[in-house]
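Written below as structure tokens is the structure these notes are about.
Bear in mind that the values in this text are calculations on the coordinates, not laboratory data. If you're wondering where the values come from, they're calculated on a predicted model, not measured in any experiment. A quick note on method: Cβ atoms are made from the backbone with ideal geometry, for glycine too, and the neighbour counts reach across all protein chains shown.
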Amino acid sequence: MIQFPFDNRYAALGDDFYERTRPAPVREPELFAFNDALARDLGISASDVAVSGAAVFSGNTVPQGAEPLAMAYAGHQFGHFNPQLGDGRALLLGEIVSPDGARYDLHLKGSGRTRFSRDGDGRAALGPVLREYLVSEAMHRLHVPTTRALAAVTTGEPVARERLLPGGVITRVASSFVRVGTFQYFAAREDEQAVRQLADYVIDKCYPQLDEHSNRYAALLAAVVERQALLIARWMQLGFIHGVMNTDNMSIAGETIDYGPCAFMDAYRHDQVFSSIDRQGRYAYGNQPSIGLWNLTRLAEALLPLFDANPQTAVRVAQEVLEGFVAHYESAWLKGMREKCGLTACNGGESSEDRVLIEALLEVMAENRADFTLTFFHLSRLPDQPSAQDENLLALFQHPEQMATWLQQWRTRLKHETQDDAARQAGMQSVNPVYIPRNHQIEAAIRAAEDQDDFSVFHELHTVLQQPFVQQEGKEKYALAPEPEEVVEYTFCGT
Ligand code: AMP
Ligand code: MG
């Protein structure tokens with residue numbers, strides 16, 4: 001049997017925090033993906049995964065030491081507060097301690113109804129399971145903090161959505177599945193004691209360095225603010241759109257969490273939206289930083305009584321901490337974008353001039369609907385002098401002369417670089433991916449699995465995405481933008 005190094009602490013917080021629930025068995029589980037490397041890192045001994053993996057990762061067998069429970073949480077969904085959400089189709093199996101001493105949560109998603117399911121069936125369709133597996137593992141390889149995918153199974157049971165679809169269960173791993181909405185749940189009930197207990201739990205688990213801090217709860221908010229600012233800057237630098245940045249989908253550990261109708265952009269647009277449920281464009285690409293701050297302000301409100309007994313002082317503390325978000329975000333964004341453009345020299349006011357240059361690039365890209373990833377891919381391969389290769393980049397632009405003008409400005413700026421040109425190109429290539437999980441490729445993997453029971457497309461795409469910065473022979477098609485007829489306009493959460 002697969003052995004997990006469980007050491008459960010969330011369960012010890014008390015009944016108010018969750019509902020103990022066993023996964024609902026499925027008819028005919030089959031394991032089609034298992035992340036050996038992650039299992040090893042986590043200290044999971046899985047030598048017989050071929051035998052027992054399907055039972056364990058479908059929830060049919062609850063492994064030894066697991067204490068499955070559905071976590072309670074609330075959340076602002078598209079700006080409206082819902083005091084009662086919670087794991088409606090997911091379960092915390094338990095917490096594990098990896099060989100290096102780090103603690104992780106193990107979660108099943110699609111494991112059946114819970115007390116928090118409302119009208120939902122507690123199940124997940126295979127398509128969203130495949131998308132989450134592919135995108136979360138790609139994000140990890142792209143150096144974006146994220147939940148990981150440990151395993152995925154088909155259930156052998158259909159789930160009813162717009163039509164009947166094959167069902168799946170994904171096992172995912174996070175530093176914590178506590179969300180901003182978990183704090184809101186107790187704050188809405190004016191249960192200050194529970195908010196404090198939860199904050200202490202999170203500090204112990206995710207931010208142990210804050211334990212001795214003189215105002216540990218303000219320090220917790222500050223740490224979450226910083227991690228979220230850095231996280232969202234990473235999303236922006238890769239053209240990633242989360243799609244449903246509700247406060248219940250925002251992790252207290254600063255990881256990308258709850259992959260639903262998420263997507264990477266092909267053509268660059270600041271106001272790009274993919275999610276079919278985001279009709280107002282609240283969670284459009286360009287809104288993500290400000291929504292991040294909005295969500296963190298909701299977290300600050302929930303933590304307020306912990307900052308100071310005097311409400312006015314508490315508000316002042318919260319405001320000061322929240323003000324840090326913009327500074328963290330702006331500096332992380334600029335640092336990453338400068339790296340993407342090969343701009344490292346930093347003498348005098350160069351940074352703010354670089355910002356103007358970078359914003360001009362984004363403007364030209366937007367006006368020309370240039371492919372986000374391919375623009376930086378080709379830029380990373382250009383020498384500091386005009387060359388025949390410029391054509392590869394210019395071909396992405398409807399008005400190449402606009403980009404040619406920008407290239408001139410960029411090359412003028414490169415004269416200030418002290419590194420040699422080969423080093424500059426290598427640096428750029430190490431941060432600008434060749435491969436991202438493009439929607440049309442994910443869609444192709446889902447179609448093959450759903451319609452033909454063929455998982456080879458999924459596995460090939462997953463393998464390519466394990467080395468996103470390395471050009472792989474024979475895998476050129478995965479770097480390409482979609483043909484007009486392949487473009488995916490919307491993604492669905494599939495709930
Ligand atoms: P999401 O925005 O997808 O993260 O989900 C929002 C809320 O709806 C969470 O409380 C989920 O647990 C719940 N939910 C989503 N899909 C289902 C489902 N199929 N069955 C039960 N609950 C669900
Ligand atoms: Mg969610």
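Quick look at the numbers
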quantity: Residue-by-residue Karplus 3J(HN,Hα) for the range 206-221, coefficients 6.51, -1.76, 1.60, Hz, glycine and proline x; calculated: 10, 9, x, 5, 8, 3, 9, 5, 5, 10, 5, 7, 5, 5, 4, 4
quantity: Formal net charge of residues neighbouring L85 (Cβ-Cβ distance under 14 Å; K, R +1; D, E -1); calculated: +1
quantity: Förster-model FRET efficiency, 35 Å R0, E417 and E483, C-beta, rounded to 0.05; calculated: 0.40
quantity: Placed amide H near T146: partners under 5 Å, 5+ positions off or other chain; calculated: T256
quantity: Ordering of 307-318, 480-491 by burial proxy (mean other Cβ atoms within 10 Å per residue, highest first); calculated: 307-318, 480-491
quantity: Zone of R113's modelled label, taken as backbone nitrogen in the range 142-186 under 17 Å from a point 7 Å along Cα→Cβ; calculated: 158-161
quantity: Reachable lysines, given that their alpha-carbon falls under 26 Å from the alpha-carbon of K205 and they are not under 8 places away in the same chain; calculated: K109
quantity: Packing rank of 245-253, 150-158, 114-122, where each peptide gets the mean count of other beta carbons within 10 Å, highest leading; calculated: 245-253, 150-158, 114-122
quantity: Estimated 222 nm signal from helices in the chain, with DSSP H stretches of n ≥ 4 weighted -39500 (n - 2.57), rounded to 500; calculated: -13500 deg cm²/dmol
quantity: Amide H contacts of T491 (H built 1.01 Å from N, under 5 Å, at least 5 apart or other chain); calculated: S275, S276
quantity: Net charge of neighbours whose Cβ lies under 11 Å from the Cβ of D121, counting Lys and Arg as +1 and Asp and Glu as -1; calculated: +3
quantity: Label-reachable residues, the range 46-71, where backbone N falls under 19 Å from a point 7 Å from E30's Cα toward its Cβ; calculated: 49-61
quantity: Lys/Arg +1, Asp/Glu -1 at C-beta; the chain dipole; positive extreme among S331, L31, M403; calculated: L31
quantity: Mean Cβ count within 10 Å, highest first, over the residues of peptides 325-337, 2-14; calculated: 325-337, 2-14
quantity: Hz values of 3J(HN,Hα) by residue in the range 294-299 - Karplus curve (6.51, -1.76, 1.60), Gly and Pro given as x; calculated: 4, 5, 5, 5, 5, 5
quantity: Phi to ³J(HN,Hα) by Karplus 6.51 cos²θ - 1.76 cosθ + 1.60 over the range 335-346, Hz, x for Gly, Pro; calculated: 4, x, 5, 4, 4, 4, 9, x, 9, 10, 4, 9
quantity: Hydrodynamic radius of the range 10-174 per Kirkwood, over alpha carbon pairs, in Å; calculated: 16.3 Å
quantity: Interchain or long-range residues, amide H under 5 Å from A267's placed H; calculated: F372
quantity: Mean separation of Cα contacts under 8 Å (6+ apart) over length of the chain, as relative contact order %; calculated: 14 percent
